[in-house]
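S.K.: My structure is below; once you've seen it, I'll send some questions.
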Amino acid sequence: MRVERCPTAFARRPHPDEVFAWVVDLCRPPVHPDELFRRLTPDEQARALRYKIAKAREQFVIGRGLLRGLLADHLGIDPVAVPLDYLPSGKPVLTQRAVQLHFNVTHTDGILVLAAGHRRVGVDVERVRPMPDADGLVGRYFSPAEAAAFRALPECHREAGFFRGWTCKEAVIKAAGATVGCLADFDVELHPERPPRVNAVRDPQLAGPGWALVEWVTAERVAVALAVEGEPELRVTRGDLDVE
């Protein structure tokens, strides 16, 4: 997996066993927002204009505009012509199934990450911050095994364990095209000193060839997790980014 800042164009296609993860500073996108807006379809432009909050509107325009541009480079067509459809979960996918390019986009305050590869891929980001109700959230959304593992963590590891668990679980369900209703139907490794992995799966839509996980924390204290279908291991190659 190669991690780098998002380019203005899809310089090359990922190899069959390769995943790209592009990181975008939402305050300084690589392409001007006006150009990104012009890449959207009329329906997407109308959707963007319906956002009442400017920040949410900008996040959508930047994320969808960059996605359309990168996919357009891959397909050799105009960005507005990229054929996108939606799974029941709301995840966008290419309607040209023969292309076999999978992707996912996610964002949090100030940062957006776009991932693409030849296998199903999901990515999630969360800004690391104090979570006074972490134990309650774990009890509500995580599996019983994960809740027990979280409560067994030393206090010094609980913040990292919570954000690792949350982002890794979200990355898996996004890769599978599932919903948050499946959060408790599989277990991930929460201990921050152990390699991230999926320990157990109980929902058929999450089963299959397995999921490889990789996670890191940026210098700006943003937790990032990426899940790839069927890969036994992900080796991270860093471009011009510093990660902890």
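The values are calculated or read from the model by the stated rules, or taken from the named source; none is laboratory data. Every value quoted in this text rests on a predicted model; they were computed, and no experiment measured them. Cβ placement follows ideal geometry from the backbone for every residue including glycine, while neighbour counts extend to all protein chains displayed. Just so you know, the surface numbers come from the protein's heavy atoms only, side chains and all, with ligands and any DNA or RNA stripped out. Shrake-Rupley method; radii C 1.70, N 1.55, O 1.52, S 1.80 Å.
S.K.: Please build a GNM for the chain, connecting alpha carbons under 10 Å apart, and tell me which residue among CYS27, CYS182, CYS168 fluctuates the most.
M.R.: CYS27
S.K.: Sorted by accessible area with a 1.4 angstrom probe, largest first, how do LYS174, LYS169 fall?
M.R.: Highest to lowest solvent-accessible surface, that is LYS174, LYS169.
S.K.: Considering the chain as a Gaussian network with a 10 Å cut-off on Cα pairs, which listed residue, GLY177, GLY230, GLY208, attains the greatest mean-square fluctuation?
M.R.: Largest GNM mean-square fluctuation: GLY208.
S.K.: Express the carbon and sulfur contribution to the solvent-accessible surface of the chain as a percent, rounded to the nearest whole number, probe 1.4 angstrom.
M.R.: Within the chain, the accessible surface is 51 percent carbon and sulfur.
S.K.: Which sequence of LEU67, LEU87 reflects their accessible areas, 1.4 Å probe, from the largest down? Let's see the in-between values first.
M.R.: On the way: LEU67 5, LEU87 60 Å².
Result of the area sort, largest leading: LEU87, LEU67.
S.K.: Rounded to the nearest 500 deg cm²/dmol, what is the calculated helix-only ellipticity per residue at 222 nm for the chain, with -39500 (n - 2.57) per DSSP H run of length n ≥ 4? Please report the intermediate quantities before stating the final value.
M.R.: Details: 6 runs with 76 residues, N = 244.
The helix contribution divided over the chain gives -10000 deg cm²/dmol.
S.K.: Let me ask another. For ILE77, what charge total do you get from the other residues with a beta carbon under 12 Å from its beta carbon, if Lys and Arg give +1 and Asp and Glu give -1?
M.R.: Net of charged neighbours comes to 0.
S.K.: Right, here's the next one. Ignoring everything but the protein chains, give the 1.4 Å probe accessible area of TYR51 in square angstrom, nearest 10.
M.R.: Approximately 70 Å² for this residue.
S.K.: Using protein chains only and a probe of 1.4 angstrom, how many square angstrom of GLU44 are accessible, to the nearest 10?
M.R.: Ignoring ligands and nucleic acids, GLU44 comes out at about 10 Å².
S.K.: Let a ≥ b ≥ c be the square roots of the eigenvalues of the Cα gyration tensor of the stretch 135-244; is it rounded (a/c under 1.5), or, if not, prolate (a/b larger than b/c) or oblate?
M.R.: oblate
S.K.: Still on this structure: Sum up the charges of everything whose Cβ sits under 14 Å from the Cβ of ALA200, counting Lys and Arg as +1 and Asp and Glu as -1, but leave ALA200 out.
M.R.: Result for the neighbourhood of ALA200: -2.
S.K.: Moving on. What share of Cα pairs, in percent, lie more than 20 angstrom apart in the stretch 1-108?
M.R.: 39
S.K.: Treat every Asp and Glu Cβ in the stretch 66-129 as -1 and every Lys and Arg Cβ as +1, leave all other atoms uncharged, and give the resulting dipole magnitude about the Cα centre to the nearest 20 debye.
M.R.: I would put it at about 200 debye.
S.K.: Roll a 1.4 Å probe over the protein heavy atoms and report the accessible area of PHE37 in Å², nearest 10.
M.R.: About 60 Å², rounded to the nearest 10.
S.K.: Related question: Net charge within 10 Å of ALA176 by Cβ-Cβ distance, Lys/Arg positive one each and Asp/Glu negative one each, not counting ALA176 itself?
M.R.: Computed value for this residue: +1.
S.K.: Here's another thing I want to ask about it. Less than 20 Å from a label point 7 Å out along the Cα-to-Cβ axis of TYR86: which backbone N atoms in the stretch 27-50 qualify, by residue?
M.R.: 37-50
S.K.: Testing the spin-label approximation: label points 7 Å from Cα along Cα→Cβ at ARG38 and GLU220. State their distance in nm.
M.R.: With each label placed 7 Å out from Cα toward Cβ, I get 2.6 nm.
S.K.: Taking only the Cα atoms of the chain, how large is their convex hull per residue, in Å³?
M.R.: 130
S.K.: Counting only heavy atoms of protein chains, what accessible area per residue, in Å², does the stretch 142-244 have with a probe of 1.4 Å?
M.R.: For the stretch 142-244, the solvent-accessible area averages 46 Å² per residue.
S.K.: Round to a whole angstrom and tell me the spacing of the C-alpha centers of the stretch 4-67 and the stretch 102-152.
M.R.: 21
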